[in-house]
Amino acid sequence: MNTKNTATLPLGAQRLYTVDELSGRIRRGERFFLAGDEALLRRLPKGCWIGGTIPYFMTGDGGLMTREEVFATELPPFATAADIRVYDAQSLFGVYRDAPDNGFSLLIIPAQCGTHLTFALNAPRYEGFASRPLIGWVAGVALPDIGRKTPKVFDGRDGRVLEDAAVVMHVSLPPGKRADIGLVNIFEAGDGDELTFEVDGFGAKEILVGGSRRGFAQYVREKNIDTRLPLVADCNGVMVNVSFQDVDEASGEVRFYAPVFKGVRYRHARPVGDYVEAFESKMSTEFDSRIACSCNCILNYVHASLEGRRTANITGPFTFGEIAYQLLNQTLVYLTIEDTRLADRLRAEAALRRQNQFLETLIGTIPSPVFYKDTQGRYLGCNEAYAELLGRPKEGIVGKTAHDLMPRERAEKGLQRDEEIFRRAQRDPYEYELETLDAIGRPRWMLVRKSPFFAPDGRVAGLVAVLTDVTDSRLAEQSLAAAYESLKSAQGQLMQAQKMAAVGRLAGGVAHEINNPLAVILGFAQSVCAGIGAEDELAFPLRSIEREALRCRSLVQDLLVFSRASAGDPFVETDINAAVSASLSMLGPRAKLEHIDLRVEQAIRLPKIMGSGNQLQQVILNLAGNAMDAMPDGGRIELWTRLSEKKAGHVEIVVRDTGVGIPENIQAKVFDPFFTTKAVGKGTGLGLALVYEIVHKHRGSIEFESGAGMGATFVVSLPVAPMDPA
Amino acid sequence: MTANQELPRANVSTRVLVIDDEPGIRDMLSYSLRRFGCVVSAAANGEQGVAAARAADFDVVICDVMMPGMDGFAVLEILKREQPLVEVIMVTGYPTPETSSRSAELGAFGNLDKPYELGAMRAMIDAAAARKRERSCEKGPVAR
């Protein structure tokens with residue numbers, strides 16, 4: 001912050017000039033607020049300037065005293081008017097009233113004159129006090145010249161030199177610029193006595209210390225008060241200093257550079273260590289680039305040994321009193337001119353920054369992944385949850401596009417959605433579900449909500465997306481669906497099993513009752529038939545009776561087998577190959593008769609199953625019997641046993657034929673009891689139902705593959721018997 | 001096999017006892033077997049059947065398994081104990097694997113499930129009668 005070059009200050013066009021240099025500029029119409037030695041100011045041409053006498057300055061190179069150059073503060077070029085007025089002690093009352101609505105007033109008053117005293121005592125009672133920025137200083141002389149020379153002020157319009165008047169330049173500013181005044185007071189009230197005065201004035205012989213009247217000079221001496229430090233009063237939160245001028249031991253009067261006021265409570269200031277340090281710590285860095293004009297107190301120059309040292313970036317004269325609305329002592333005052341448009345923009349930006357911080361906090365707090373991107377698909381930002389989902393740090397996402405971060409196919413899909421959102425340009429969220437993989441490759445289901453956001457011109461500027469992880473509910477739905485399916489299938493099996501059991505019980509109950517009458521019918525028919533010739537007129541009806549009785553018999557026999565399967569033979573270790581071989585003795589003759597090529601292939605050393613050989617034989621006979629029925633014109637049946645490849649620990653019996661096949665529309669019904677496609681008298685509809693029943697009794701399963709004209713393949717899969725622990 | 005198929009016939013009329021609680025069966029077998037040349041008697045239950053067998057000589061007994069009171073197995077046991085040469089054919093309307101195995105254990109000549117074909121019945125009677133004659137010759141009249 002200790003910039004040495006004052007030229008970098010954009011509005012701080014204040015520095016020392018030679019008289020010639022300054023004269024030229026005044027003649028060119030430039031406007032100045034001047035401080036310098038009386039002799040130099042007298043040599044300046046007429047023009048738009050005001051000035052006051054003082055030879056001490058803070059420059060870019062530090063504090064110095066010079067009678068060779070004039071310190072000039074150039075009015076900013078954008079100032080629209082500079083109205084110079086001279087006020088006496090009476091008219092100064094209107095100084096605020098005369099100030100422009102937008103602008104500031106620069107004021108110089110010679111020290112110790114009537115106008116100075118009037119202003120010092122009365123400024124706070126002026127019409128419109130502090131309603132407009134008023135800044136200035138009290139003119140003085142080189143310290144050795146005090147008492148020998150008088151401070152003066154100059155009205156540049158006509159070169160008038162004034163000893164008891166205030167010269168004021170009312171400066172108007174254009175809209176968009178605003179002047180403001182600040183001060184830097186490095187002094188604070190100390191811990192000493194509270195001091196009050198009974199009258200207003202620049203000096204006092206008596207003082208009230210904690211309410212009791214004392215001689216002031218005596219008090220200063222007794223308390224060994226350092227008069228380099230001012231008295232400090234708290235005026236509505238602003239620390240106002242009153243500097244000691246001298247202590248007259250003879251008269252007992254103590255005099256000040258500024259007035260003390262009746263009733264105001266003062267304390268002696270706390271000592272300041274390093275003035276420059278104290279000053280810099282108080283000085284807000286934000287303002288120094290906008291300071292248009294400033295001045296500091298001569299006492300600070302003297303007491304703090306500022307000769308050759310700098311105070312931050314502030315430059316200006318060291319004066320006999322500083323004015324910021326009113327007279328102050330040992331205080332740095334400064335004027336700033338602010339570009340209100342810039343200020344507005346800065347304020348807006350600051351507000352925006354705050355808002356963005358708020359939004360970032362808000363987004364960061366949302367546990368769901370959130371991101372936003374521009375219409376080019378570049379990520380503008382995201383929260384931690386999204387970064388975690390992608391398995392990358394946030395910094396590795398912002399500025400990238402989907403193509404940089406995810407597989408091409410997924411990126412394309414997302415971008416297609418984005419395009420649609422930009423095209424729709426509708427504020428309401430666009431929702432879709434996304435199945436994806438997380439950073440460690442687990443499948444995740446995401447509900448994605450995307451909404452476009454808009455630029456001030458109303459065009460779509462990008463989109464915001466919020467992802468909700470719905471994986472848990474999806475998984476729950478899936479397992480629920482699976483559970484429902486298996487329940488449904490279990491229910492179907494249960495119903496089938498119940499149907500079978502009912503049929504079995506019924507069959508067992510009636511078979512005996514039916515078999516006896518059937519035996520009688522069949523026996524009589526056959527015995528009568530045996531006794532007559534084929535031409536006998538009774539032969540035809542008797543043969544019909546015999547045939548229908550045989551048909552009933554086969555139905556009852558199926559029912560009985562069924563009943564026995566339902567009731568359950570005891571299960572023992574059974575070899576399916578043995579069941580196949582036993583069946584062959586019955587299947588072989590019929591196959592030969594019907595021109596069917598029966599091929600059998602049995603896997604050797606098949607593990608045994610727990611079951612009933614009779615029932616398994618029944619299964620094989622029924623399946624092979626159906627296969628033969630499906631091939632009225634002959635064909636081929638393949639019958640084989642094997643270890644299951646699909647189901648571990650299972651053996652299979654496979655029956656494949658080249659017959660007419662099972663049309664798809666009836667495939668669901670083939671295991672239903674009494675469902676048959678065979679001609680009347682050719683099937684009872686119990687064959688496959690029985691197969692199904694037996695297979696399920698054996699904890700096995702049966703599947704088939706077929707279609708009209710494609711033949712059929714039935715695969716019976718049976719669990720192997722558990723290993724005998726012995 | 002059909003009923004009117006010609007089967008080898010014994011020279012002498014076979015004496016058959018039908019034990020069955022079903023009157024229809026008794027009527028049908030009496031009618032049919034007589035037409036085949038057998039001499040047929042019938043009993044309506046186990047007790048009557050055993051009594052009839054004790055009272056007269058039979059070559060073959062056709063006995064129903066499931067009867068009220070004394071069942072077919074009890075009858076078979078008594079007959080085979082008292083008259084081992086008489087051949088017994090067990091008949092049932094409710095066939096189970098146990099029926100045939102128990103019949104065989106107790107010495108039945110054979111087993112037929114109702115409704116049987118008449119031809120099968122006749123063939124089995126003929127075979128049983130032939131065997132009876134064979135065994136009677138071997139043992140001689142002493143055994144009677």
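The values are calculated or read from the model by the stated rules, or taken from the named source; none is laboratory data. Treat the numbers as computed from the prediction; the structure is a model and nothing was measured. Here Cβ is always computed from backbone atoms with ideal geometry, including for glycine, and neighbour counts include all displayed protein chains. When the accessible area is computed, the model is the full protein with side chains, heavy atoms only, and any ligands, DNA or RNA have been set aside. Shrake-Rupley method; radii C 1.70, N 1.55, O 1.52, S 1.80 Å.
Accessible surface of region A:1-135, 1.4 Å probe: 49 percent of it comes from carbon and sulfur atoms.
Taking packing as the residue-averaged number of other Cβ atoms within 10 angstrom, the listed peptides A:138-150, B:108-120 run from highest to lowest as B:108-120, A:138-150.
What's the FRET efficiency of A:Ser281 with A:Val238 using the Cβ-Cβ distance as r and R₀ = 22 Å, to the nearest 0.05? E between A:Ser281 and A:Val238, to the nearest 0.05, is 0.75.
Calculate how many DSSP beta bridges within the protein assembly as shown are antiparallel, expressed in % of all such bridges and rounded to the nearest 5. The antiparallel fraction comes to roughly 75 percent. The GluC sites (Glu not before Pro) found in region A:26-99 that occupy coil by DSSP, while having at most 16 further C-beta atoms within 10 Å, are A:Glu68. Selection among B:Gly49, B:Ser101, B:Pro115 by position relative to the dipole of region B:28-116 gives B:Pro115 as farthest towards the positive end (Cβ unit charges, Cα centre).
Label point of A:Val161 set 7 angstrom out along Cα-Cβ; within region A:32-55, amide nitrogens under 17 Å from it belong to A:34-47, A:50-55. Of the trypsin sites (Lys or Arg not before Pro) found in region A:434-487, those in coil by DSSP whose Cβ has at most 13 other Cβ atoms within 10 Å are A:Arg459. Note on region A:315-375: dipole from Cβ charges, positive end direction compared against A:Ser368, A:Gln326, A:Thr340; the farthest Cα belongs to A:Ser368. Simple point charges give the picture: +1 on the Cβ of Lys and Arg, -1 on the Cβ of Asp and Glu, and for the protein assembly as shown a dipole about the Cα centre of about 660 debye. With axes computed from alpha carbons, what is the tilt in degrees of helix A:613-629 against the longest principal axis of chain A, rounded to the nearest 10 within 0 to 90? Roughly 90 degrees between the two axes.
How crowded by other chains is B:19-27, given as the mean number of beta carbons from other chains within 10 Å of each beta carbon? Before the final figure, lay out the partial values.
Working: counts 0, 2, 1, 5, 2, 7, 5, 1, 3.
Mean shielding by partner chains, rounded to a whole number: 3.
Residues with beta-carbon under 10 Å from that of B:Ala42, excluding B:Ala42: net charge, scoring Lys, Arg +1 and Asp, Glu -1? My count for the surroundings of B:Ala42 gives -1. Applying 1/(1 + (r/R0)^6) with R0 = 35 Å to the Cβ-Cβ distance of B:Asp71 and A:Ala578 gives a FRET efficiency near 0.60. The residues A:Thr574, A:Thr365, sorted by heavy-atom accessible surface at 1.4 Å with ligands and nucleic acids left out, run A:Thr365, A:Thr574 from largest to smallest. Hey, what angle do you get for helix A:687-697 against the long axis of chain A, alpha-carbon based, 0 to 90 degrees rounded to 10? For A:687-697 against chain A, the angle is about 60 degrees. For region B:76-94, a drop of 40 Å² or more in accessible area on going from the chain alone to the assembled protein chains (1.4 Å probe) is found at B:Gly93, B:Tyr94. Mind checking the angle between helix A:539-567 and chain A's longest principal axis? C-alpha axes, 0 to 90 degrees, to the nearest 10. So the inclination is approximately 40 degrees.
Maximal additional length on extending the A:Leu362-A:Val510 stretch stands at 45.3 nm, based on 0.36 nm per residue less the C-alpha distance.
Between A:Thr18 and A:Phe454, the FRET efficiency estimated from the beta carbon spacing at R0 = 56 angstrom works out to 0.40. Buried area at the A:B interface is about 2000 square angstrom, summed over both chains, from accessible surfaces computed with a 1.4 angstrom probe.
Based on Cα atoms of chain A, Rg over Rh with Rh as the Kirkwood radius reads 1.54. Going by accessible surface with a 1.4 Å probe and the largest first, A:Met631, A:Met586, A:Met710 read A:Met710, A:Met586, A:Met631.
On the accessible surface of chain B, probed at 1.4 Å, how many percent belong to carbon and sulfur atoms?
Within chain B, the accessible surface is 52 percent carbon and sulfur.
Pairs from the table (B:Lys80/B:Lys114; A:Lys373/A:Lys394; B:Lys80/B:Lys132) lying more than 19 angstrom apart at Cα are B:Lys80/B:Lys114. Taking label points 7 Å from Cα along the Cα-to-Cβ direction, B:Val12 and A:Gln218 give a separation of 18.1 nm.
Across the options A:Leu143, A:Val153, A:Gly192, the greatest Cα extent toward the positive end of the charge dipole of region A:125-207 (unit charges at beta carbon of Lys, Arg, Asp, Glu) belongs to A:Val153. B:Cys38 contributes about 20 Å² of solvent-accessible surface, heavy atoms of the protein only, 1.4 Å probe. Taken as Cα centroids, region A:360-439 and region A:627-664 sit 56 Å apart, rounded to the nearest whole angstrom.
Built from the Cα atoms of region A:286-443, the convex hull projects on average onto 16.4 nm², one quarter of its surface area.
Solvent exposure of the protein assembly as shown, expressed per residue, is 48 Å² of accessible area, with all protein chains present and a 1.4 angstrom probe. Averaged over the residues of B:31-37, the number of partner chain Cβ atoms lying within 10 Å of the residue Cβ comes to 3.
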